[in-house]
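Student: Sharing a structure, written as structure tokens. Questions coming.
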Amino acid sequence: MIRKFIVSFLCVVFIAGVIFSGFLFLYFAIPSQQAMSSISLPSTVEDSEETENASTEEEQNSEDIYVADVHQSLTLRDGPSSDSDEIASLTPMTHLRLIEFVEDTDYALVEVQTGEYESYRGYVNNEYITRLGESTIRVGTEE
């Protein structure tokens, strides 16, 4: 009777060990959801020529991008004058695509690229815009 009990007990311990080692294997072999989400793979393989063209295009476009270099707001107007009607008040660091500098004035024609007024066109005082990537004069400083 005791012999049967010992054999049964050893069988139970063996089976429990196999099950436990299976769980350990699964736990350490399969990556967690957090680990899976941190892995980023490209969705497509791009041709190197297409990549070069895209980066050249981005470089050309970034040359025309300026930021609103102001403490509080930059006024977007419907004409190149401080007397022109206000279209919007742009927040600091709003991205603007330069269309042209207006001759004989301190104004530039721009298209808003970010924020609440995205795609609006108008005129801003060019003393308060800075090319993207260059150091800003007014943002983050108190005068």
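Student: So what does the Cα-only Debye profile of segment 61-131 read at q = 0.14 Å⁻¹, as log10 I(q)/I(0), no solvent term?
Tutor: At q = 0.14 Å⁻¹ the computed log10 ratios are -0.33.
Student: Mind checking the full-extension length gain between S8 and H71? Use 0.36 nm per residue of separation minus the Cα-Cα distance, one decimal, nm.
Tutor: Numbers: separation 63, 0.36 × 63 = 22.68 nm, distance 8.04 nm.
Going from the current span to full extension adds 14.6 nm.
Student: In nm, to one decimal, how far is the E118 label point from the E86 one, both placed 7 Å along Cα→Cβ?
Tutor: 2.4
Every number here is computed from the coordinates shown, using simple stated rules; none is lab data. Bear in mind that the values here come from a model prediction, so they are computed numbers and not experimental data. Here the Cβ is made from the backbone with ideal geometry for all residues, glycine too, and neighbour counts use every protein chain on show.
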